[in-house]
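The values are calculated or read from the model by the stated rules, or taken from the named source; none is laboratory data. Predicted model, so just to flag it, every value in this text is computed and none were measured. FYI the Cβ positions are ideal-geometry reconstructions off the backbone, even for glycines, and counts take in every protein chain you see. For accessibility, only protein heavy atoms count, side chains too; no ligands or nucleic acids. Shrake-Rupley method; radii C 1.70, N 1.55, O 1.52, S 1.80 Å.
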Amino acid sequence: ETVVKPAANLRNGDAKKVLSGLYEKSPKQAECLSFLLNSPDQEYNRADIIRALNISSSVITGLVMRGFVLLEQKQVIRDYYGDMDPGPPKKVKLNPDQRNALEKINVHLDFKKYATFLLHGVTGSGKTQVYIEAIYHVLEQKRTAIVLVPEISLTPQMVSRFRSHFGDTVAVFHSRMSPGERYDSWRATWEGKFNIVIGPRSAIYSPLKNIGLIVVDEEHENSYKQYDLTPRYHARDVSIMRAQLDNALVVLGSATPAVETFFNAWIKKYHILSLPKRIDDIPMPEIKIIDMRKEPRIIGRKEPIIFSRTLREKIDEKLALGEQIILLQNRRGFATFLKCKDCGYLAKCKDCDITLTFHLKNHLLKCHYCGHVERAPLFCPQCQGVEIFYKGIGTQRVEEELHELFPGVSAVRMDLDTTRGRLAHDKILSKFGRGEYRILLGTQMVAKGLDFPNVTLVGVISADTELLFPDFRAGERAFQILTQVSGRAGRKEKQGEVVIQTYSPDHYSLYYTRTHDYDNFFKVEIMDRKELNYPPFSRIINIVFKGPDQENVQRVTEKFHSLIDLNAGFEVKGPAPATLSKIQGNFRWQILFMSLKSRDTGAKSMKDNIRRALQEFKVRRWARDVTYTIDVDPVSIL
């Protein structure tokens, strides 16, 4: 950008004489020159000085022609968080558990050899401060560090905290940055101007040299897996591989580790560090499970109950005390589907085998898989009936009910529909942190990593959204998200409370969430996994075939299946239609491969068999108008 600065002779003492002459002939030029001479660095961005003084560019041109100022092109790093003022770091005294964890990490850092640690700490136990202290040790060794976070919404708080400690040595990478901002971060990192990188999963590929530490915060999160584009990598696994190549240390941090991760610590493949208590011995929040089957129906209403009596009372209580509330409903939109009572018509996406979600704003039906949008009908397109009803509860529906029950209370919704703009996450969270909003309502992005001292109540509108998901990891995911969102309550001196609403109150995930008992949850979960041969006792590969013609997709999938040796010691499920059988106009069929680690630790036989089948498949050229994707260790098989 163009920078304006006074000529060298003016900075040596001739300024007063020049200014006195200019004030008589060209007062605007005098005002501009005086502004420059009195600025701390005696230089200013050209566009900024024109805006600040409300002058035309000809004023600066005149000063240049008279030889009073110089114009220079100065390279500026575009910074997404350039306006952030993190302030000085807070003084923190580590508790004994934190010191013990840090000492073990630092000892291994001194070895400069690869190792993986699982930092298992309850919510609010101070894991981030352990990361920061470990990075200080890494920087003393003249080495660098990568810190991965699962969500863009968490990045502002993490960037602020790290920049308060490490200043301008912290680079940021994420998809909301402009191409120019990402390019500048990448180039400056490559040139060695940054020695700490923070960002979501793709930040693991940042061009840092001499890496000493890689932190994967909230390592259990599915967002670390890239499942929609090739390569379908998991950032946690890539972190471990990169650390091995660089003789670096990996710290996987979580209050609710992935079952596979905790299993690796259990069998001593990873070192485990424990933070069993919150900072300053702040008590864990009290959790109540509300059986929604026992809630009395509201007379005259057929819609499902959104707020139980207990949750309404608790919200009233916290509002009266001037405290804040977080509400979780992990579905966006107003209603999850639209249906005709007369003929049973169900509004579905024309390109996906998915029901359309109703959004109240502009009365629209949207597909959350392909982005298709259409107007919601006033009568049934199939039978012309007017008995159309909306089923299911999304964040918009909860927001509407919230304003009806608590009129005048400032509340904000945070989901994909409200956070599309630049710095949208940061603006919402900053206003909530300043107390401008009393209630924060959102999807899973409000469940992780947020630290607001005035939040004393968390309400989960429906835990069944996670519990009823058709996946063998449904119980684990429910336990993780419910534990994580519960941890947002009572993080300072105030006692936190959590109200979880469900129609499945006897589910084991809810029982262990209520008692904050990860260890016993893990024991139950691992027994089920072992009995059914699911990971971590097996390796899974999912191959999905897709194309516009259903019969052709089925035929190609079956032909590929015929190339597999079914007696090679691994299990093959399918071919069969995928659970989501059509997306974006493409029909989907899949074959699922499962290999027990007890027979073949690295699933070599299964992988070699698939490779041979793929080679022959390509030679025979069966896949006209059909594409396929291979997902090793999928986090979802929908």
Options N9, N54, N38; residue that is at pLDDT 80 or above, farther than 30 Å from G180 by Cα and open to solvent by 70 Å² or more (accessible area, probe 1.4 Å): N38
Test for V149: is it of a type in the set (A, V, I, L, M, F, W, C) and in contact (Cβ under 8 Å) with a residue 40 or more places away in the chain: yes
Residues of the range 235-250 satisfying the condition of being touching a helix residue (DSSP H, G or I) at 6+ places or on another chain (Cβ under 6 Å) and either open to solvent by 10 Å² or more (accessible area, probe 1.4 Å) or not hydroxyl-bearing (S, T, Y) (or both): A235, R236, V238, L249, V250
Which of the strands (runs of 3 or more DSSP E) contained wholly in the range 323-430 include at least 1 residues that are among the basic types (K, R) and within 23 Å of L450 (Cβ to Cβ)? 411-414
I need a count of the residues in the range 564-606 that are among the charged types (D, E, K, R) and in contact with a Pro (Cβ under 9 Å, 6 or more places away or on another chain). 2
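Look through E72, E31 and report the one residue that is part of a helix (DSSP H, G or I), open to solvent by 50 Å² or more (accessible area, probe 1.4 Å), at pLDDT 85 or above and of a type in the set (D, E).
Checking each option against the conditions leaves just E31.
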Take N95 and tell me if it is at pLDDT 90 or above and of a type in the set (S, T, N, Q). yes
Here the residues within the range 251-276 that are of a type in the set (A, V, I, L, M) and either open to solvent by 30 Å² or more (accessible area, probe 1.4 Å) or over 18 Å from I637 (Cβ atoms) (or both) are V251, L252, A255, A265, I267, I272, L273, L275
Members of the range 133-170 found to be in a helix (DSSP H, G or I) and of a type in the set (A, V, I, L, M, F, W, C), listed by number: A134, I135, V138, L139, I152, L154, M158, V159, F162, F166
Determine whether L102 is in contact with a Phe, Trp or Tyr (Cβ under 8 Å, 6 or more places away or on another chain), outside any strand (DSSP E or B) and either hydroxyl-bearing (S, T, Y) or free of Cβ contacts under 8 Å to residues at least 40 places away in the same chain (or both). no
So, first residue within 18 Å of G602 (Cα to Cα) in the range 566-577, second residue part of a loop (DSSP other than H, G, I, E, B) and open to solvent by 40 Å² or more (accessible area, probe 1.4 Å), Cβ within less than 8 Å, six or more apart or across chains; the pairs are G569/R599; F570/R599; E571/N533; V572/L566
When residues of the range 164-177 are limited to those that are open to solvent by 10 Å² or more (accessible area, probe 1.4 Å) and at pLDDT 85 or above, the one nearest to the chain's Cα centre (by Cα): F173
Condition met for T579 (modelled with pLDDT under 95, under 24 Å from E218 (Cα atoms), open to solvent by 10 Å² or more (accessible area, probe 1.4 Å) and β-branched (V, I, T)): no
Out of the residues in the range 589-624 meeting the condition of being open to solvent by 40 Å² or more (accessible area, probe 1.4 Å) and either aliphatic (A, V, I, L, M) or within 35 Å of the chain's Cα centre (by Cα) (or both), tell me which one is farthest from D471 (Cα to Cα). V619
The range 283-301, subset in contact with a strand residue (DSSP E or B) (Cβ under 9 Å, 6 or more places away or on another chain), modelled with pLDDT of 90 or more and not in a helix (DSSP H, G or I), residue surrounded by the most Cβ atoms within 10 Å (Cβ to Cβ): P285
